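The values are calculated or read from the model by the stated rules, or taken from the named source; none is laboratory data. This is a predicted model, so every value here is computed, not measured. Note that each Cβ is placed from the backbone with ideal geometry, even for glycine, and that neighbours are counted across all protein chains shown. Note: accessible area is taken over every heavy atom of the protein model, side chains too, but ligands, DNA and RNA are not part of it. Shrake-Rupley method; radii C 1.70, N 1.55, O 1.52, S 1.80 Å.
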Amino acid sequence: MNSDKYDFVISIGGAAGQGIAAPGDVLAWIFVRRGLHLYTYNAYQSIIRGGHIFLTFRVSTEKVYNHGDKTDLLICLNQDTMDRHLKHMEPGSWVIYNSDTIKPGEAQDGVELCGIPVKELSDNNRNKLVQNTGALGVCMHILGLDFGILEDILTKQFIRKGQTVVDENIGVARAACDYAVANFTPCSEAIPEGEKPQAWWSGNEALAMGGACAGVKFYAAYPMSPATGVLHWMAKYARDLGIMVRQVEDEIGVATMAIGAAATGTRAMCATSGGGFALMTEAVGSAGMMEIPVVMINVQRAGPSTGVPTKTEQGDLWQMLGASQGDFPRIIVAPKDALDAFNTVPELFNLVDRYQCPGIIISDLLISEGRSSVDPDDINFHPNIDLGELITKHSTNGDEYLRYKNTESGISPRAVPGLKGYVHVMATDEQDEDGVLISDEFTNPVKRRMMVEKRGRKMQDIFEHVAAPEIEGPKEADVTLVGWGSTYGVIHEAVEQLKTEGITANHLPIKWIVPFHVKEIMEILSNCKKVIMVENNYSGQFYRYMRSETGLNVDTHIRKYDGEPFMPHQVTNGVKEILDGETEVFVPEHKIMV
Amino acid sequence: MVTDTAVQEAERTVTKLKAKDFNGKVDPDWCPGCGDFGVLSSLQKACVDLELHPHEILTVSGIGCSSNFPGFFNSYGMHTLHGRALPFATGAKLANHELTVIVTGGDGDGYGIGGNHFTHLARRNVDLTYIVMNNQIYGLTVGQTSPTSEFGMKTKSTPFGSLETPLNPITAAIMNGATFVARGYSADPKGLTDLLCQAIQHKGFSLVDVFSPCVTFNKDNTYDWFKPRVKKLEDEEHDFHDWKAACEQALVWGEKIYYGKFFQVEKKPTLNDLEPVLNEGGPICFRELGLAKEQAKKLLEDMM
Ligand SMILES: Cc1ncc(C[n+]2csc(CCOP(=O)(O)OP(=O)(O)O)c2C)c(N)n1
Ligand code: SF4
Ligand SMILES: [Mg+2]
């Protein structure tokens with residue numbers, strides 16, 4: 001617990017199939033309805049039964065940016081969780097477990113071991129999930145929450161299964177709560193209430209919802225972790241929102257189907273992870289050549305190849321930069337968190353519609369599967385929609401329409417199929433202004449050059465439409481941390497931690513990858529005392545990209561590539577070690593085995 | 001919003017189009033004698049017969065000699081990636097179901113690199129017409145073996161003869177759930193025009209696999225080879241509702257090779273029919289963008 005604000009972390013550990021999600025959801029609903037801020041991260045594996053799942057909730061009276069550094073209250077659903085995590089529990093923390101089946105082992109002094117005799121408290125109920133409900137009862141006492149709140153939620157949750165099930169669960173929870181009152185010390189500070197109830201969502205839900213708000217009417221996907229959440233949301237809401245959702249035979253089909261839909265003037269989107277994106281690659285270039293706007297999302301997981309399907313990484317940057325052969329304009333953006341992801345989708349749609357090119361959003365498992373609270377007033381469900389130079393009405397004059405007209409801006413007004421007076425062919429071959437191929441036997445270097453330049457020119461004014469990165473924190477600092485995408489939250493907190501240790505740090509988060517704000521970034525970084533690049537990959541992909549664009553050399557780095565996201569103290573420690581001259585490239589050790 | 005059906009109907013009766021109105025911006029660059037010419041002229045005639053207008057049609061192709069088709073045909077067109085015509089076309093058809101979407105391509109494009117899409121398109125029953133100009137060779141890449149090349153066929157990539165058994169597009173389509181399956185012959189443009197008319201009118205996925213000889217690279221399956229062999233299926237007693245009979249006839253290969261309509265299921269709902277999102281409101285491409293107030297309210301409620 002932090003002294004000046006309420007900041008409490010609960011972790012639930014167990015095996016897949018032990019029903020961790022249900023008590024997790026119950027707690028989350030309690031917190032957000034109380035108006036508290038929340039961030040949850042689930043460490044899990046690609047198996048349906050067994051393994052180790054470790055779900056962490058961080059609750060605060062202020063906005064929470066990441067899952068934090070430690071656990072205040074640990075709920076062990078199996079022995080394995082106890083064995084893995086008890087050693088990390090610090091004085092002033094609690095460990096809840098079923099004392100019938102789990103042996104605690106050595107704990108540090110000041111860790112309160114809260115064993116509950118589940119069998120006895122549940123009248124010998126044989127249902128294995130009963131220990132989860134019991135643990136929730138104990139939580140109520142430790143957190144200082146009124147039992148009635150849990151009673152309400154359990155009733156809602158189980159009423160579909162009948163009153164007996166409701167009574168049974170409430171009975172166990174109450175018995176466990178009473179037992180806790182008699183045996184365990186509660187937290188000295190009862191959980192507070194926030195100003196107003198918060199909403200909560202995962203990054204994938206935010207991406208999907210961002211699409212719906214942007215006017216996406218066609219969504220295609222092939223399941224792949226950690227992007228599948230977008231598909232599930234879209235499928236669930238498809239009929240209510242009038243969105244055509246298709247699960248396609250492979251990601252090649254996904255991307256090409258989306259672009260086919262987009263060719264008719266529909267806003268179309270698709271999402272996958274790196275492996276699926278590899279299959280979409282050729283299609284990216286087809287959208288570039290045919291000048292069809294489409295939004296494609298890559299939710300990165302730890303690679304290469306199948307990699308670690310349920311773990312996070314920022315390792316696909318160069319894949320996105322180089323996706324598809326040839327030289328053509330594209331837009332690439334890496335949002336910093338769920339809300340930013342939500343807002344980025346409509347923003348990117350407006351850009352790709354304006355510039356008639358493919359747009360790529362780079363998310364990762366951390367953003368997409370992390371779930372966080374969001375202030376309902378911060379969600380803009382009705383963003384500005386700008387379709388650019390799109391023609392959707394029949395022509396009234398008989399003028400020769402040139403789909404790829406060589407205009408000054410490079411942007412050619414786009415008529416969609418079905419309209420009278422605009423008949424044309426879009427081709428993936430190089431083509432003249434009228435859509436006639438200039439490849440194969442009609443190759444013409446002058447025209448080829450003209451068309452390459454026309455496409456290239458399209459983006460010349462894009463900087464007017466995307467915000468340049470800015471320094472967060474003090475202008476003058478001992479050290480500047482540069483990150484991109486999902487490292488935002490953890491760097492934000494590391495900066496605060498460093499302050500308490502007497503180190504003034506600031507933060508340059510970069511969101512737009514293409515276009516890249518070379519001028520602004522150079523201006524900012526060339527005035528910094530010390531720069532450290534922070535990224536979730538091995539080879540410093542972002543750093544190498546930044547260097548190639550700006551020529552700036554940075555020799556101090558914090559990197560992580562063990563599959564787990566950074567924890568704030570890991571960045572803080574890295575900065576300290578680097579400033580002390582102990583290392584130039586700091587790679588934190590991830591002590592928690594998940 | 002876009003299509004004013006009454007006006008179009010009126011114009012249709014006034015302006016009866018001719019086949020040449022479906023000539024594209026450039027003349028075909030196929031080798032003289034290439035089978036694909038027959039397919040082009042047959043489709044042009046079919047569109048005249050069906051009183052379609054160029055702006056109502058979208059032709060979608062992949063890559064290959066045959067896939068150059070959209071450039072030679074006057075309609076909206078998408079000349080897409082090798083093997084991907086079907087998913088591009090599916091996206092377009094689902095997003096604007098008022099378009100008549102015709103997919104054109106080759107055997108390599110459709111049954112080789114695009115084979116996965118072919119399988120799934122058939123079972124999905126999207127309302128598309130798929131014309132494959134099957135020359136049993138890779139033409140554009142100057143003569144390699146294709147999925148329909150015959151066993152033992154010598155090509156540039158199989159100089160000692162192919163060791164693989166060819167795929168039968170007709171049985172494959174039937175087994176995968178296609179609802180209209182026919183084989184055409186480009187040297188019989190009248191028969192082909194009739195098949196194409198039926199295929200376009202058919203509601204659902206229709207495959208017309210056309211023997212369309214490559215006069216330059218396939219020295220085995222030439223017009224002279226086909227001529228004595230091809231027989232009209234309609235001259236036999238064939239029940240095109242009988243999938244087993246259809247497969248049997250499609251597998252006849254040697255002295256006799258049948259062409260015509262092998263199989264049809266008339267009443268199976270298409271994906272467009274089944275998709276509730278398309279029930280009302282017209283093509284999704286022309287609908288209002290963004291959420292209604294109540295929709296946003298519901299989404300927020302679900303998150304709180
Ligand atoms: C991904 C990809 N691989 C390979 C090619 C080269 N390629 C172009 S056309 C073609 C084969 C065409 O054969 P088919 O589809 O039968 O058409 P045909 O030329 O015989 O009409 C190939 C392999 C390509 N364009 N794209
Ligand atoms: S190479 Fe063969 S398929 Fe290609 S145009 Fe010439 S004859 Fe036709
Ligand atoms: Mg061929």
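Candidates are the residues of the stretch B:94-117 that are at the interface with chain A (Cβ under 10 Å from one of its Cβ atoms) and either of a type in the set (G, A, S) or open to solvent by less than 10 Å² (accessible area, probe 1.4 Å) (or both); the one that is farthest from ligand 1 (Cβ to nearest atom) is B:N96. Quick check on A:K530: is it charged (D, E, K, R), farther than 27 Å from A:A302 by Cα and open to solvent by 30 Å² or more (accessible area, probe 1.4 Å)? Yes; evaluated as a whole, the condition is true for this residue. When B:M175 is tested against (1) closer than 22 Å to B:K244 by Cα; (2) within 16 Å of ligand 2 (Cβ to nearest atom); (3) open to solvent by 10 Å² or more (accessible area, probe 1.4 Å), just one condition goes unmet, and that condition is (2). Residue pairs whose Cβ atoms lie under 7 Å apart, separated by 6 or more positions or on different chains, with the first residue in the stretch A:409-420 and more than 17 Å from A:I462 (Cβ to Cβ) and within 12 Å of another protein chain (Cβ to nearest Cβ) and the second of a type in the set (S, T, Y) and open to solvent by less than 10 Å² (accessible area, probe 1.4 Å), are A:V416/A:T264; A:P417/A:T264; A:P417/B:Y76. So is A:K217 crowded, with 24+ Cβ neighbours inside 10 Å, touching a residue at least 24 places away in the same chain (Cβ under 8 Å) and charged (D, E, K, R) or not? When the stated conditions are applied, A:K217 passes them. Looking for something touching a residue at least 40 places away in the same chain (Cβ under 8 Å), within 13 Å of chain B (Cβ to nearest Cβ) and either in contact with a Cys (Cβ under 8 Å, 6 or more places away or on another chain) or over 30 Å from B:N176 (Cα atoms) (or both) - is there at least one such residue anywhere in the stretch A:240-255? There is at least one residue in the stretch A:240-255 that is touching a residue at least 40 places away in the same chain (Cβ under 8 Å), within 13 Å of chain B (Cβ to nearest Cβ) and either in contact with a Cys (Cβ under 8 Å, 6 or more places away or on another chain) or over 30 Å from B:N176 (Cα atoms) (or both).
Here's the yes/no breakdown for (1) within 12 Å of chain B (Cβ to nearest Cβ); (2) touching a residue at least 24 places away in the same chain (Cβ under 8 Å):
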position	(1), (2)
A:D364	no, yes
A:T407	no, yes
A:H424	yes, no
A:A427	yes, yes
A:E430	yes, yes
A:G456	no, yes
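Inspect all residues belonging to the stretch B:173-181 and state whether any of them is away from ligand 3 (no atom under 16 Å from the Cβ), in contact with a His (Cβ under 6 Å, 6 or more places away or on another chain), aromatic (F, W, Y) and in contact (Cβ under 8 Å) with a residue 12 or more places away in the chain. Looking through the stretch B:173-181, at least one residue is away from ligand 3 (no atom under 16 Å from the Cβ), in contact with a His (Cβ under 6 Å, 6 or more places away or on another chain), aromatic (F, W, Y) and in contact (Cβ under 8 Å) with a residue 12 or more places away in the chain.
Taking the stretch B:130-156 as the range and being touching a Pro at 6+ places or on another chain (Cβ under 9 Å), away from ligand 2 (no atom under 12 Å from the Cβ) and in a loop (DSSP other than H, G, I, E, B) as the test, the residues that pass are B:P147, B:T148, B:S149, B:E150, B:F151, B:M153.
Checked against (1) more than 24 Å from B:C214 (Cβ to Cβ); (2) away from chain A (no Cβ under 14 Å), B:S162 passes all but a single condition, namely (1). Under the condition of being more than 14 Å from every other protein chain (Cβ to nearest Cβ) and assigned to a loop (DSSP other than H, G, I, E, B), the residues counted in the stretch A:177-194 number 10. Residues that are open to solvent by 20 Å² or more (accessible area, probe 1.4 Å) and either assigned to a helix (DSSP H, G or I) or β-branched (V, I, T) (or both) within the stretch A:272-325 comprise A:G275, A:A278, A:L279, A:T281, A:E282, A:M289, A:T306, A:V308, A:W318, A:Q319, A:L321, A:G322, listed in sequence order. Figure legend. Inter-residue proximity from the stretch B:211-222: first residues of a type in the set (D, E), second residues open to solvent by 10 Å² or more (accessible area, probe 1.4 Å) and more than 11 Å from ligand 3 (Cβ to nearest atom), beta-carbon distance below 7 Å, spacing 6+ or different chains. Indicated pairs: B:D220/B:E150. None of A:A235, A:A212 is open to solvent by 20 Å² or more (accessible area, probe 1.4 Å) and among the small types (G, A, S) except A:A235.
Cβ-Cβ distances below 7 Å connect the following pairs, each with a first residue in the stretch B:273-290 that is within 10 Å of B:A95 (Cα to Cα) and facing another protein chain (nearest Cβ under 8 Å), a second residue that is surrounded by 15 or more Cβ atoms within 10 Å (Cβ to Cβ) and of a type in the set (F, W, Y), and a separation of six or more residues or different chains: B:I284/A:F218. The single condition among (1) within 12 Å of chain B (Cβ to nearest Cβ); (2) crowded, with 24+ Cβ neighbours inside 10 Å; (3) closer than 21 Å to B:A95 by Cα that A:H394 does not satisfy is (2). Just need a number here: residues in the stretch B:41-61 that are open to solvent by 10 Å² or more (accessible area, probe 1.4 Å) and either more than 14 Å from chain A (Cβ to nearest Cβ) or within 20 Å of B:V210 (Cα to Cα) (or both). Residues flagged as open to solvent by 10 Å² or more (accessible area, probe 1.4 Å) and either more than 14 Å from chain A (Cβ to nearest Cβ) or within 20 Å of B:V210 (Cα to Cα) (or both) within the stretch B:41-61 amount to 7.
Within the stretch B:19-39, the set of residues being under 21 Å from A:H424 (Cβ atoms) and away from chain A (no Cβ under 14 Å) comprises B:A19, B:K20. Reported count of residues in the stretch A:431-459, each being surrounded by 14 or more Cβ atoms within 10 Å (Cβ to Cβ) and not aromatic (F, W, Y), is 18.
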